[in-house]
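Throughout, read-outs are computed from the coordinates displayed, never taken from laboratory work. Worth saying up front: this structure is predicted, and the values here are computed from it rather than measured. Here the Cβ positions follow ideal geometry from the backbone for every residue, glycine too, while neighbour counts run over all protein chains shown.
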């Protein structure tokens, strides 16, 4: 069965990303063609990229990198839940992505974003990063506004219209992940 990670792209205290990611997971509960799992960057404390060799070599020296690589290698696709900071994604998400190479290759990704303009500029940056890592991104995305989908900018209260958007995201991501599955060989992560 296709396995999709919902990656919480913020570790900031008081973050909105956890509530958004949990909503995505709840929406995915009725899906039958894929399983979904939360992956919280807070559970994978990665310092600023500290591997001596580029990720493309796949020769990770640090235990934190090996743990992160093993987790990401488990999945066929990803939903990146991203805030928008300064017209881009969070530094912690970019750093986590940069740690790895082959673990991302030939897989699919979708995006759920939030911010004053729905986080769409963060997603545009993530799409460019994904292309370099050979991650196929789906068109459908969900964008939450801090003004209309959160009370007092912190209590998550998504509008009903987002249900259709996340369904389209799931449909596209599941089909693309399944089609790409034969292209991504299992990645052996040294322990």
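Mean sequence separation of contacting Cα pairs (under 8 Å, at least six apart), scaled by the length of the chain, corresponds to a relative contact order of 23 percent. Each of residue 25 and residue 148 was given a label point 7 Å from its Cα along the Cα-to-Cβ line. The distance between the two points is 2.8 nm. Here the Kirkwood formula puts the hydrodynamic radius of the chain at 16.6 Å, using every distinct Cα pair. For the chain, the share of DSSP beta bridges that are antiparallel, to the nearest 5, is 10%. Estimate the FRET efficiency between residue 35 and residue 139 by the formula 1/(1 + (r/R0)^6), using the beta-carbon distance for r and 30 Å for R0, to the nearest 0.05. After rounding to 0.05, the efficiency reads 0.85. One Cα centroid belongs to the range 42-89, the other to the range 146-163; the line between them spans 29 Å. Annotation: the residues 68, 176, sorted from fewest to most other C-beta atoms within 10 Å of their own C-beta, follow the order 176, 68.
Would you please give the FRET efficiency between residue 64 and residue 3, computed as 1/(1 + (r/R0)^6) with r the Cβ-Cβ distance and R0 = 22 Å, to the nearest 0.05? It comes to 0.50. Build a GNM of the chain with springs between Cα atoms under 10 Å apart, and of 22, 62, 95 the one that fluctuates most is 62. By the count of neighbouring beta-carbon atoms within 10 Å, fewest first, 121, 12 end up ordered 12, 121. Enter the angle in degrees (range 0 to 90, nearest 10) between the Cα long axis of helix 17-28 and the first principal axis of the Cα atoms of the chain, meaning the one along which they spread out most. Long axis of 17-28 versus the principal axis of the chain: about 90 degrees. Based on DSSP H segments of at least four residues, each scored -39500 (n - 2.57), the chain has a per-residue ellipticity at 222 nm of -10500 deg cm²/dmol.
From the Kirkwood radius over Cα pairs of the range 107-191, Stokes-Einstein at 4 °C and 1.567 mPa s returns a whole-number translational diffusion coefficient of 90 µm²/s.
Once both axes come from the Cα atoms, what is the angle between helix 120-132 and the longest principal axis of the chain, in degrees from 0 to 90, rounded to 10? It works out to around 20 degrees.
On full extension of the chain, what length is gained from residue 160 through residue 127, given 0.36 nm per residue of separation minus the C-alpha to C-alpha distance? Don't skip to the answer; put the middle values down first.
Numbers: separation 33, 0.36 × 33 = 11.88 nm, distance 2.60 nm.
Contour length minus Cα-Cα distance gives 9.3 nm.
Model label points for residue 120 and residue 105, set 7 angstrom from Cα along the Cα-to-Cβ axis, are 3.4 nm apart.
Net length available on complete extension from residue 53 to residue 95 is 13.6 nm, with 0.36 nm assigned per residue and the Cα-Cα distance removed. Its alpha carbons give the range 1-102 an Rg and a Dmax of 14.1, 43 Å.
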